[in-house]
Each structure stands twice: as structure tokens, then as C-alpha cells.
1. Got a number for residues in segment C:505-525 being out of contact with any Lys or Arg (no Cβ under 7 Å at 6 or more places or on another chain) and at the interface with chain A (Cβ under 8 Å from one of its Cβ atoms)?
2. Could we say that residue C:583 is of a type in the set (Lys, Arg), under 29 Å from residue C:498 (Cβ atoms) and part of a loop (DSSP other than H, G, I, E, B) here?
3. Go over the candidates B:51, B:64, B:47, B:43 one by one and state the one that is within 30 Å of residue A:130 (Cα to Cα) and either touching a residue at least 60 places away in the same chain (Cβ under 8 Å) or touching a Cys at 6+ places or on another chain (Cβ under 9 Å) (or both).
4. Within segment A:129-153, can you find the residues that are within 13 Å of chain C (Cβ to nearest Cβ) and not basic (Lys, Arg)?
5. Does segment B:87-126 hold any residues that are more than 18 Å from the chain's Cα centre (by Cα), within 7 Å of another protein chain (Cβ to nearest Cβ) and over 25 Å from residue A:146 (Cβ atoms), and which are they?
6. Give me the residue from segment C:286-344 that is of a type in the set (Phe, Trp, Tyr) and more than 14 Å from chain B (Cβ to nearest Cβ) and, out of that set, farthest from the chain's Cα centre (by Cα).
7. Could you say whether any residue in segment C:546-562 is open to solvent by less than 20 Å² (accessible area, probe 1.4 Å), acidic (Asp, Glu), assigned to a helix (DSSP H, G or I) and modelled with pLDDT of 95 or more?
8. Give me the pairs: first residue in segment A:120-135 and free of Cβ contacts under 8 Å to residues at least 24 places away in the same chain, second residue surrounded by fewer than 22 Cβ atoms within 10 Å (Cβ to Cβ) and outside any helix (DSSP H, G or I), beta-carbon distance under 7 Å, and six or more apart or on different chains, which are they?
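The values are calculated or read from the model by the stated rules, or taken from the named source; none is laboratory data. Bear in mind that the values here come from a model prediction, so they are computed numbers and not experimental data. Every residue, glycine among them, receives a Cβ derived from its backbone with ideal geometry; neighbour counts consider all protein chains shown. SASA here: full protein model, heavy atoms, side chains in, ligands and nucleic acids out. Shrake-Rupley method; radii C 1.70, N 1.55, O 1.52, S 1.80 Å.
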Amino acid sequence: MINLTINGKKVSVEEGLTILQAAEQMGIRIPTLCYHEAVVAYGACRVCLVEVVRKGWPKMVTACNYPVQENIEVNTNNEKVIKIRKLVVELLLARCPEVKEIKDLAEELGIKEIRFKKKNDKCILCGLCVRVCEEKMGITAIGSINRGTIRDVATPYNDNSDVCIGCGACASICPTGAIKIEDVGDIRTIDKWNTKVKLRKCETCGKYYAPVPQLDSLKGKTSVTEESFKMCMDCRRKKLENTMINAKKSKY
Amino acid sequence: MNTDKVDGIIKKYGKEQSAIMSILQDIQSEYNYLPREALEQVSKKMSIPLSKIYGIATFYKVFSLTPRGRHLIKVCLGTACHVRGAPQILEEIERKIGIRAGETTGDLKFTLERVNCLGACALGPLVMINNDYYGQMTSAKVDKILKAYD
Amino acid sequence: MIKKLKNRTDLENLKESILKKKDKKKHCIIVSSGTCGQTSGSEKVIEKFKDEIKKQDMGKQVELKVTGCHGFCEVEPVALIQPEGIFYQKLKAEDVPEIISETIVKGKVIEKLLYSDTETGKKIPYEKDIPFYKKQSRIIFGNNVLIDPTSIDDYIGIGGYEALGKVLFKMKPEEVIEEVKKSGLRGRGGGGFPTGKKWGFCRQAEGDVRYVICNADEGDPGAYMDRSLLEGNPHSVLEGMIIGAYAIGSSEGYVYIRAEYPLALKNLEKAISQAEGYGLLGKNILGSDFNFRVKITRGGGAFVCGESTALMASIEGRVGEPRAKYVHTIESGLRDKPTNLNNVETWANVPMIISRGAGWYAKIGTQKSKGTKIFSLVGKIKNTGLVEVPMGMTLREIIYDIGGGIPGGKKFKAVQTGGPSGGCIPEELIDLPVDFERLAEAGSMMGSGGMIIMDEDNCMVDVAKYFVDFLREESCGKCVPCREGLENMYNILAGITEGRGKEEDIGLLKELSEVLSEGALCALGTTAANPVMSTLRYFPEEYESHIRDKKCPAGVCKELVLYSIIEEKCNGCGLCRKKCPAKAISGEPKKVHVINQAECIKCRQCFEVCRFGAVKIE
């Protein structure tokens, strides 16, 4: 166990935890944007900056990836931390003035105006979509491109991706709603990636229910039978229920 | 595009991910830019996702994804050249050939690049065209120098 | 066939045989041909020397040696005639026959090829008397003059690899680390971390494999000492790395070299293969049980790769994006193994410390900054070049005594040190002794050693904007303070230089500086505000003139200046009218010309071409 102080309170937490996790255990909220427990911490948005005093030396660190250490003193909301955090969020708000999540965070921190040149982006470049696609899905259809102020996330050449499986993990993890998924007919469109994937039709009810490449990628990886890949979730459940009812019936 | 050439380059450096910079650099010297098919081939042969290779190709300044001109003009904008008036030289070249830094003329004659220090600060402001250096540049000299290239 | 050296005696014998072969009676013509020499035409001069030596049948009397940079870039190409020490400058191929027939054959000094003192105009025949060289202590860089960088024998001839022999057979790794600690050597790449201490940490770090890396991705614009060392003396860097690897316990090293340095790359590649040939790299070095090999990675033109974690990502074949250093690279660096990274100049100091002793080394410099430092003296300075001086020499001595002061009778304004992470030091601090601490106190830093001199014609707001522009392009763009902060900083500075500045801009710049220095992920970001902060600190009045009076006192910021023709000085030659790309100048021949302000694009060409000083910028 590691002994440390967070906001003046002494605590003892498991070794290997981050400051963010330790604070969470104590019920202290540290805001985050680029952090998600499903993927490796990245430390890019800097919203979770806190002050750590170690051997008398104070410095600002990101709570999401700083491991707890013996005898450190952590301040998650002192004057300096709030000042820096506010400016970081104001910069993000100037980039994405219409994004609800950023607006909410700005309001929480008491930011009243944007003093910087406004843009109208939706993406904050937190990299969660890229990380989930690589780390969790094992696909790596998208990546960071360019650098500096023109950095972006995209598919290679901004073209329709031929490796994207259309799973939509990128859209569901995106904290700002910058990635939209639309299913029309037998086509799923992910606008941000200029990518379209085919959807499979349920052989029973005729509904388009899941992207073909995603289903193909699951083949052999799950215990679901080949047969079931031709059916939507609803029909599969119904079929299962029927089988069970039939089984019960036959018992009696 | 010659796929054997790209294969040869991959063979020279091996298929470890750490070889990717050298491989892309050699492909670029071969073709003067990074052709899409070459990157796709590298991705397949080295089992590195294309999005990673594309990320590298757009991150590092030495790589170009579009064909470059017959003559590569590099205007040094290192600090020493800057304080000696390099921005005016760049503007004059931009005016004369009608493109901005980072672009290539439509006839593929010139590609114009700004570089951060060529390390010949004594000669600043410095312009390099292909392998020729032009030191102590002034905007008045630009026209005459460019005319020597066709 | 090159024979591998099996022990220290083999190395000693080789050195002896190399020295024996040397004909001491021969004249030696040393021509420097680093990148700056080549840029100035040294290759033509060298070709001519070769031809002429043959033609005049002087092969037995004279030896031609082509070396790397000697540092005095301003007067390249140069030839040093030994043993006399005669220094010829700004050579052209047509000067060569005379040098052979007059100086070599008859022993006469050719007046017109000599350097003239910038103060007195007096001709100076010998290198040792030239003020540029006189005040320097060229313990590292001086060897560039003595050796052909493509010849390992030249390096061995001056005692090269003796330090390596000493550590392998006479010193334990811990003793080597202790020696480097005692010398007081600190990293020459920027931070100034004590080198011996770093090595010690790396040796103690847990792990079976350890790496050493040489950072040769010299990215600071205006700094090129590392390039010159690699071009002119690559073996000294390699020897330093091998010694370091032995001390740390590493068997694999990397040199990460900037793509824009083709000659350095070529000479380094050659040096590695030569060292391998002699068994100074590879398995069982000099017959010991120590193995070490070195690989080269070419950089891709990304300034951020000078940052250690980004550099290591790049060697691994990834985008050069820094990561948080909460676990240091010494413990978990390249491929998550303990890794020790030093820059070119730091490595080049190591053999000297081992062979001459930490005590000797520690006597040079100041209390906390030991040894010498190579600076590139560039910008508005008479003697542009690379200078090596003991730590603690004052800016005044460097700029005026060695650099010869400011050309064109202009007034010195500031010196920028530390590259984009550094700051601008004003005239009132000209007597500042240059070392790690003093520069940091002045709001700048040592960095890799660039010194860019600025005069009254340079606008400090423009300089701040220049660095922010540089950094916003070179930032990897990963973290918000750096990506968004620098872009907004640039917008504000661009506004100020274009006449749209507001009073509150200064406050915003200060706030952005704070979010960068406190909140950015890596050192590129945390130091990025230094050029802005230091110019705000020392030149607030320049910001004020731009913001309040909408004037650029130095006449640099285009939107804030007007070009006009002084009637009394214009004789109507018409040159400006002909040269004006915007056709904004009108006037009859031999009559006073006028600039049409609505058409003028402020390209400065009229100002440059006018031979009568009739164009005014205000």
C-alpha cells in the first residue's frame, strides 16, 4: 500500500494506481476528457492536471497517468490547478464552442467568455477513437495525421477505409459526439472517416442488423454458431426462447 | 510503380517496425515522393497498418505524399537567416513562381520548401536549389537565379 | 586488408606506425571542407590543389589534407599552411597555383589572401594571431583541424581510442562513471543534467538490456556545432559512446541523426565501418570481453524528436510523439529498456576527460558548469562561425572580442540563446558570464549553443512571433496547451505585428505562457513561451509601440511601416521603378520618383537596390 495525501487528507491506496483512481476512491472528482478506463491513458487533454508535491518540489502532472508514490502531496483543486485547468478548457472551448461536453465543463469551472479566436470544430483530438480502434478492436483503421496545429485524425488519404469493420467503437467512445454513424438501407456510413460498410440482412426478419465486416471479424472468435451469424439479435433471442419453450413442452 | 524496387528496399532493412523510417526515406529518394501504392505495399509486407504508415508519412517533414517538382527550392528560415531578412526572399520567390511554400508548380518545375536551418549561417539568407547554394540572398537576386532553371 | 586490433599494444603499435609514416619535412595544406566550406566552394579549391600539386610536381614536398569545419565560416573556404600556420581565406580555385608556387616553393606569404583585422584593417598572416581564434580554447573542436574525418588512422595518430583502451583494461565501469562525475560534465543538449550521474542511474536501473543513444537531431535553428563535430571528427563521438556504453553496461547504441545533414551521415557511416574493421566496435573490442555495436537512424525533419521520448519513439519506427516522463527513460526508454541519451557534443567530451583526467577538465569553466562549450555565433555579427570557449566567458568577450562585433556600424540589441526554448538577452546584460545557471537566471537557457546576434534593425516582437510560428509547426500537436496555446499565441502576436494589437494582449500572452510552462506535456511545450516571456521582460517598450502607436521601431513589421523616397537623395536613376514587382513606383528619368502607397507591397526591393540611400522605411 502507498501512503499519500490528497487535498490534505491522508490515504493509503494500492500500489500501481494512478492519482485519478486514488482520488476516485476518495470520492474526489477530477475532470477528464481524453481518459477512458478501456484504453491506455494518454495525457493529452491536460484537463486532469493536478499539483503534486514530491520531496518539497511542486509540479503539475496529469492525474490520469501519474502513479501514486509514497508520501506525495496531491492538490486537485488549489488556486494554481484551477487557473491552469480553466485556461486549458477555455482553449478547448475556443476550438469547439458548440460542443455540449466542453460547454458544460466550462460552466462548471466558471468560464464566462472565450478570449481566443473561435473555431468551429467538434473534435478535440483526444485520440480515444484511435486508441480504441487499435487497442480494443485490433483494427487500426484510423490514426493521427499531420502534426502541430494541423494535426487531425483520419483514415489513410481520408479515403473510404477498407479495413474498418464498422463496429462504431470510435463513435461510442468519442466524448464530444464528433463521430456520427448513420445506417440507411444496407449501408452504414461513418461520415468522419468517409467510410461506408455493408450491413447484413437478418435471414429471418429481413432487418439490416450489423456490419458485414464486423460479423466476419468475429467468426471463429466467439462460441456463437455459424448459423446465428445470419440472424439479428432479436431473432436470435426469439429463436433461443422458442427452443427453450419447445424443450420444456417436450418434457411434459 | 516497380514493386520489386520497394521489395528490395524492405529486404535491405528488414521487416522490424524500427526499419520503417529508413525504408520510407529510401522509397522517397527513389521516387522523389511516397507513392500511395508503395506505402500500401510496405504496409502489407511489413504487417504495419496503413494508417500508421500514413501517420508517419504526414508527421515527418522530409516526406512528401505528392510528386515534387524537377527543381527543389529550399529557403532557409533558420533564426540567423530570419534576422537577416529571409522572409522577404521567400515572399519574392512565392511571387515569382506563383506558389506558396510547401507547394509544387502545376508544370512540376519547382517545389518550394521552407527549411529550419541548413547550417550555413555565415551565408545567410540562404537559398538552396537542388544541390546549389545561393548565399547572401537579396530579393533583387531572385529573378536571375530562378531563370537558370528550366 | 585491415587487421583487427587484439589488445592495447596493437593499438599503440598502430599509432606508432601511423606517426612513423608521416613525413615531418613535408608542408601540409589543410583545407576545411565541412558543409559551410563546401557551400562556399571548397570542393573546387581542393580539386585545384590536387591538380596543381601534380602539375607543379610537388607531391613529395606537400601533403593536402581535407578536414571538417575549422569554425571560421565567415571567411570560408580557408587553407591553413603548416608547419608555418599561415592562414589563407576566401579562396578561389584561381588562387591555388600561386599558393603552391609562392608559399610552398618560395616560402612567401601572399598578402591578398590574408585575413584583415575587422578593427584595424591590418593583414594577419598566422592563424594563431587572428582575434577570432586567439580567445578560444578549442579542446574539443580543435581536433577538426588535425584530422581527415574519413581516416581512422588520422584519429588514432592524434591519440584516438587511447581513452577507450584505458577504460577497457584499467578501469571498472563504476570508476569510469566516477571519473565523469568528478569532471563535472553536464549535458550539452540543453538541460545540462550531470552526465556522470545520468550514467550512474542508468547502470543501476533494472533490466537485462540497456541502450545508449547519441542525439544528433540538432534542431535548434542557428546551431550547427553537432553537425560540425560529426562531419569533422566522427570518431571522437563514437569513442565517447563506446566508453559510455562500457560504463553503463550496454551493448547496443543508436545515433539519431538529422536528415538535413548528408555529409555528417556519410562521415559517420564511414567511421563506424572503419571502427568495426579495427575491432573497436563489435564483439570483443580490443580483445576484451566487451561487445558494442552502433546503428544509425536518420531523422525525418521533426524538431520535437530532439525530446528524448519522441526521439526514442522515432527510432522504434513510430511517430515522434512525446509521452509523459513520470517513468524516466533512464529506467524505461527505448523499447521500454533503460536508456541513456546524450547529445553529440557531450559524447565528444568523454574521451578527453578520460585521457586527460577529470581533475584537468574540472579546472576549466565555472563552479557549476565545467569544461568548454561550442557556440554558433550567427546573425548580425562580423565573424560568423563556431567558437569554443571555457564556460563562464562573458557575452561581451564572445560577441566583441571573438565575434568582432556588429557589422555595418549598427547597434547591438540582443542575443538569442537556447534556440526556440531559449530567450533574448538584452544589451544591459552583455557582461553576463555564460554558463547554465546565469543563462537560466536571465530567462534564457544554454540549449545546444546557438547564439543569434540581433541589431537595431531587428524587431523583438517579430523575433518572438518567429519562434512561436516555428514551434506551432514543429509541435507534435498532442497536448492542448501546446497545440491550441501556441496557435493562439501566434494569432495574438500576428495581430500585434499587423497593427491589430490590443492592450489586453500582453496579459493574454502571459496567461498562455503560464499554461504552456505549467501544463504542456513535454519540454518543447514547457519551454515554448521563453522567447515571448524574455522579449516581454526586456523589451516591453517594443510591444507597446506596436500596440499603442501602431509602429514598428525597427521597421520590420510590414503592416506598420511605410516606404517612401527621400527627394533630396533621389537622382531619378529609375532602378527602383524597374525592380518594383508591384509597379508601385513612378517617375520620369532623372527626376524624383514616388512610391504609390496603395500599390506598395513592402517587399523591400527598392530599399535594397537603391545605391543612394534614397528609400526610407519608417
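1. Of all residues in segment C:505-525, those out of contact with any Lys or Arg (no Cβ under 7 Å at 6 or more places or on another chain) come to C:505-507, C:509-518, C:520, C:522-525.
Applying the additional criterion that residues be at the interface with chain A (Cβ under 8 Å from one of its Cβ atoms) yields C:511-512, C:514-515, C:518, C:520.
Adding up the residues that qualify gives 6.
2. Numbers: of a type in the set (Lys, Arg): yes; under 29 Å from residue C:498 (Cβ atoms): yes; part of a loop (DSSP other than H, G, I, E, B): yes.
Criteria met by residue C:583.
3. Working: B:64 fails: either touching a residue at least 60 places away in the same chain (Cβ under 8 Å) or touching a Cys at 6+ places or on another chain (Cβ under 9 Å) (or both); B:47 fails: either touching a residue at least 60 places away in the same chain (Cβ under 8 Å) or touching a Cys at 6+ places or on another chain (Cβ under 9 Å) (or both); B:43 fails: either touching a residue at least 60 places away in the same chain (Cβ under 8 Å) or touching a Cys at 6+ places or on another chain (Cβ under 9 Å) (or both).
Going through B:51, B:64, B:47, B:43 in turn, the sole match is B:51.
4. Looking only at segment A:129-153, we keep the residues that are within 13 Å of chain C (Cβ to nearest Cβ), and these are A:130-131, A:134, A:140, A:143-153.
The answer is A:130, A:134, A:140, A:143, A:144, A:145, A:146, A:148, A:149, A:150, A:152, A:153.
5. B:88, B:92, B:95, B:120, B:121, B:122, B:123
6. Checked segment C:286-344; the qualifying residue farthest from the chain's Cα centre (by Cα) is C:290.
7. The answer is no; no qualifying residue exists.
8. Partner pairs satisfying both residue conditions: A:134/A:140.
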